[in-house]
1. Relative to a virtual label point 7 Å from the Cα of Val157 in the Cα→beta-carbon direction, which members of segment 102-137 show backbone nitrogen distances below 20 Å?
2. Run the numbers for Thr107 and Val80: contour at 0.36 nm per residue of separation, minus the present Cα-Cα distance, in nm.
3. Which of rounded, prolate or oblate describes segment 42-174 when judged by the alpha-carbon gyration tensor and an a/c cut-off of 1.5?
4. Highest mean first, how do 101-109, 52-60, 155-163 rank when packing is the count of other Cβ atoms within 10 Å averaged over residues?
5. If you add up the charges near Gly154, with Lys and Arg at +1 and Asp and Glu at -1, over every other residue whose beta carbon is less than 11 angstrom from its beta carbon, what do you get?
6. Quick one: if the Förster radius is 30 Å, what FRET efficiency do Lys127 and Leu55 give, using the C-beta to C-beta distance and rounding to 0.05?
Amino acid sequence: TNYTAQYKIEGNESFTTASDTEVRRLNNWQVEDQTTEVEFTNTYKVVVPADLTLLKVDSGDTSKKLSGAAFVLYKEENGVNKYYSAPEELSTTPGWNSLTGTQTESTYILTTDEKGEITFVGLTEGKYTLKETKAPDGYNLPDKEIALSVTADGEIVGPGGKVPGSGSTYTLTV
């Protein structure tokens, strides 16, 4: 007689191979005197985070780096904007927070330094929006926000295509 069985293992158990007896034990099945070898393959999705350095420059003289430009980076999750919150150390994972209570976007503003730079670390696959909220003194705010996406391979794509960079580090000049 031929039998077809479907196996379902729930919980935090991890197997590379298992006997039918082990599967029966996990699922509380009562089958006697039958042994079948079963092989399980675990598939893992490797998440490759990307780091983005934003470089703010004068549009007429790109060698002139601009400090004092303020930006927020956010992504939408389930209809709610989640704002990037810089980690204490650049080697750790950033926080993503929705606005609560009396908070405004200004809670999550990052400002370009004297080199005209801001670094956003640990961006994982998904779609993001970069918004300049304050232009440097003597400059105007741009009309549009910048749509970015991070691919499964950790590459960053902007309005003009792939953002220049290598490995998982990219630089977007605005």
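1. 122-131
2. Taking Thr107 through Val80 to full extension adds about 8.1 nm, to one decimal.
3. Oblate.
4. Highest mean packing first, the order is 52-60, 155-163, 101-109.
5. Net charge around Gly154: -4.
6. Calculated value: 0.90.
Taken together, the values in this text are just the output of simple stated rules run on the coordinates, not laboratory data. What you see is a predicted model; the values in this text were computed from it and never measured. All Cβ positions, glycine included, derive from the backbone under ideal geometry; neighbour counts span all protein chains shown.
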